[in-house]
Amino acid sequence: MVQQQAAPDTRVADADDDHDIVPRSRPWRWVGVAVVLVVAAEVVSSVLTNPNYQWDIVGKYLFDSRILAGLGTTLLLTTVAMALACLLGLVLALMRRADSRLLRATAGGYVWLFRGTPVLVQLIIWYNLAILVPVVSIGIPFGPQLWTAQTNDLISPWTAAILGLALNEAAYLCEIIRSGINAVDYGQTEAAQALGMSRRHSFRRIVLPQALRVIVPPASNEAIGLLKYSSVVSVIALPELLYAGQLIYGRTYETIPVLIVVSIWYLVIVTLLTWLEHRLERRLGAGFAARHGSAAPSRAGRWSRWLTPAR
Amino acid sequence: MADPGAMTGPLVRLTGVRKRFGDHRVLHGVDLEVARGDVLCLIGASGSGKSTLLRCVNHLERPNAGRVYVGGELIGYQERDGRLHELPERRIRAQRARIGMVFQHFNLFPHLTVLENVIEAPTRVNREPRESAARAARTLLDRVGLGDKVNAYPRSLSGGQQQRVAIARGLAMRPELMLFDEPTSALDPELVGEVLDVMRDLAAGGMTMIVVTHEMGFAREVATRVAFMDGGRIVEEGTPHQVLADPRHERTRSFLSKVL
Ligand SMILES: Nc1ncnc2c1ncn2[C@@H]1O[C@H](COP(=O)(O)OP(=O)(O)OP(=O)(O)O)[C@@H](O)[C@H]1O
Ligand SMILES: [Mg+2]
């Protein structure tokens with residue numbers, strides 16, 4: 001406990017320096033710790049001993065091929081949709097910052113429309129696009145057509161799902177990316193210009209890396225959100241993870257254990273994503289924390305750090 | 001655009017430069033010449049247009065009228081049939097690369113180390129090999145007294161150190177002209193000296209410089225010319241002695257009485 005009272009600047013503070021200091025007693029902290037420990041113990045023991053969780057059935061389905069196929073679908077769907085959404089979101093964010101009023105208004109309208117309507121509705125519309133637009137063609141505007149296809153041949157559940165999720169997500173990412181770019185001081189762009197850098201170069205090498213620091217945490221939140229709400233694609237009969245589970249317990253009535261299996265897999269992926277995010281944040285944070293030595297936390301008091309707030 | 005007088009005439013020549021932001025007229029036709037090797041200190045009250053004028057020289061600000069020549073080359077435009085046509089961005093970038101600029105708030109790239117800050121433009125704009133660019137950068141950083149900080153990040157440096165890195169970053173492009181916009185205004189008083197020392201060395205080495213500053217001591221000692229701006233015009237221009245010790249204009253006198 002003594003180490004907790006060390007001066008915030010861990011680089012100069014030596015463990016020997018602070019032995020004269022008697023820490024203030026903090027009784028409520030220990031009450032809080034005790035309550036948390038008791039409640040946690042209760043929950044863990046209930047989960048482990050209550051037979052209704054049916055852990056044996058959970059074990060049976062954890063690696064079931066239908067569940068794994070659903071997991072694969074969810075992962076693929078989320079990855080592809082998120083990648084497309086990032087690209088489109090970046091383009092939209094740049095459009096919203098453009099000099100041209102038309103470009104700004106277009107991007108603004110896009111965000112308004114796709115953020116303002118339920119993703120469920122958007123999915124169903126994409127899936128049933130053929131009702132609205134029976135034929136898709138590429139050609140010279142108002143001129144001859146070079147390529148034509150029936151909409152029904154193009155839109156499968158997969159394309160509808162990816163379109164629906166990606167276009168919706170892009171609207172959210174647009175705003176996140178835009179605020180990230182705005183957070184970078186304009187002086188950075190000016191310094192880059194004064195050195196003779198092109199706009200592209202200054203954006204890619206100077207502005208974007210700094211903006212990403214601001215963008216990555218909320219964008220990771222979006223990725224995790226997308227991972228889970230991608231289960232809405234079950235309305236167009238695409239068997240992702242949750243839907244695969246529903247198909248199983250619809251027949252066997254082992255509802256809770258199967259949902260636990262599904263949740264375990266979601267947790268595994270989210271844990272992985274969180275780990276990736278932390279690594280990315282640390283890389284992007286280079287140069288931003290140097291002043292206060294937070295890169296080198298004190299090793300002292302490892303156990304008490306877990307129980308009590310830092311500093 | 002080759003100009004036979006480029007090597008003999010003034011390095012910088014401004015004629016009738018005007019600038020307005022919307023309806024707000026900031027520069028009312030500025031004429032100015034800076035010879036090679038000259039150090040021009042630009043002084044004047046806040047809002048008189050010093051920064052705007054400086055930024056017109058490397059086309060960070062587009063003048064609404066008038067011409068800016070550096071090394072005999074018209075900056076930002078080309079003249080055809082008596083009219084100015086905007087240059088393609090690539091040409092403007094090439095012009096800017098020959099003019100170094102140092103800002104009040106340093107504007108170092110915080111996500112890059114000191115060395116990376118200095119070699120970014122040489123390696124990626126001028127396409128110098130990384131090795132030789134890094135070698136040149138280390139020499140420059142030694143010159144500004146920061147040879148031991150090459151791998152530090154800007155945020156871990158003091159303001160004075162950051163500004164010296166910014167000067168080295170500008171010099172790395174081997175400019176023929178350096179622009180300084182109040183390089184010491186954001187610094188704690190005890191850090192001003194180290195930056196002015198670097199600038200003094202630079203001036204002694206023959207670099208042509210335009211310096212917007214409130215450091216009258218520096219202007220008196222180092223400048224070869226001093227120009228006083230007021231209300232978007234250069235009111236008075238001459239040697240430091242003429243302008244600072246024996247000003248002819250009432251407005252110069254009243255400004256100096258406030259800052260000295
Ligand atoms: N981008 C801009 N948009 C609108 N007005 C501007 C802009 N930049 C400068 N101005 C205005 O132009 C005038 C001159 O500004 P400038 O920055 O050139 O003055 P300065 O002499 O450098 O002053 P200071 O000593 O405070 O830096 C000011 O009134 C300022 O408000
Ligand atoms: Mg200014």
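Each value in this text was obtained by applying a stated rule to the coordinates, not by laboratory testing. From a predicted model like this one, the values you see are computed outputs, not experimental measurements. As a convention, Cβ positions derive from the backbone with ideal geometry for all residues, glycine included, and neighbour counts pool all protein chains shown.
Can you pull a Stokes-Einstein diffusion coefficient for the protein assembly as shown at 25 °C (0.890 mPa s), Rh from Kirkwood over Cα pairs, as a whole number of µm²/s?
84
Please report the relative contact order for chain B, taking Cα pairs under 8 Å with a sequence separation of at least 6, and give it as a percent rounded to a whole number.
25
In terms of modelled amide H atoms, which long-range or inter-chain residues lie less than 5 Å from the amide H of B:Ala152?
Sorted by chain and number, the residues that satisfy this are B:Val114, B:Leu115.
So how far, in whole Å, is the C-alpha centre of region B:15-59 from the one of region A:141-195?
Using only Cα atoms, the two centres lie 42 Å from each other.
Lysines near A:Lys60 by alpha-carbon distance under 26 Å, same-chain residues fewer than 8 away left out - which ones?
The reachable lysines, counting only those whose Cα sits under 26 Å from A:Lys60, are A:Lys228.
Enumerate the residues in region A:230-265 having an amide nitrogen under 19 Å from the point lying 7 Å beyond the Cα of A:Lys60 toward its Cβ.
A:244-265
With the crude spin-label approximation of a point 7 Å out along Cα→Cβ, what separation in nm comes out for A:Ser179 versus B:Thr139?
Calculated label separation equals 4.8 nm.
What is the spin-label model distance, in nm, from A:Tyr229 to A:Leu154 if the labels are put 7 Å beyond Cα along the C-beta direction?
About 2.5 nm separates the two model spin labels.
For region A:200-210, what does the Karplus curve 6.51 cos²θ - 1.76 cosθ + 1.60, with θ = phi - 60°, yield as ³J(HN,Hα) per residue in whole Hz, taken in order and with x for Gly and Pro?
Per-residue couplings from phi come out as 4, 4, 5, 5, 5, 9, 10, 7, 4, x, 6 Hz.
Once R0 is set to 45 Å, what does the formula 1/(1 + (r/R0)^6) return for the Cβ-Cβ distance between A:Thr117 and A:Leu37, expressed as a FRET efficiency to the nearest 0.05?
In this case the efficiency is close to 0.45.
Out of the DSSP beta bridges found with both residues in the protein assembly as shown, what percent are antiparallel (nearest 5)?
60
When the Karplus curve 6.51 cos²θ - 1.76 cosθ + 1.60 is applied with θ = phi - 60°, which whole-Hz ³J(HN,Hα) does each residue of region B:138-149 get, with x for Gly and Pro?
So the J values, rounded to whole Hz, are 5, 4, 5, 5, 4, 4, 8, x, 10, x, 8, 10.
Extension gain A:Leu276-A:Leu146, at 0.36 nm per residue separation less the Cα-Cα distance, in nm?
Extending this stretch completely gives an extra 42.4 nm.
Which net charge results when you count Lys and Arg as +1 and Asp and Glu as -1 among the other residues whose beta-carbon is under 13 Å from that of B:Arg98?
Summing Lys and Arg as +1 and Asp and Glu as -1 gives +2.
Considering amide H positions built from the backbone, and no H for Pro or chain starts, which residues 5 or more places from B:Gly66, or on another chain, come under 5 Å of its amide H?
B:Arg18
To make sure I understand the rule: partners must be lysines, Cα under 25 Å from the Cα of B:Lys19, and not fewer than 8 residues away in the same chain. Which ones qualify?
Reachable lysines: B:Lys50.
Between rounded, prolate and oblate, where does region B:1-141 land on the alpha carbon gyration tensor, with a ≥ b ≥ c its root eigenvalues, rounded for a/c under 1.5, else prolate if a/b exceeds b/c?
Prolate, since a/c reaches 1.5 and a/b exceeds b/c.
Cα centroid distance between region B:93-166 and region A:209-235, in Å?
36
Per-residue Cβ counts within 10 Å, from other chains only, averaged over A:281-288: what number is that?
Shielding by partners across A:281-288 averages 3.
Could you please state, rounded to a whole Å, how far the C-alpha centre of region B:245-260 is from the C-alpha centre of region A:239-273?
81
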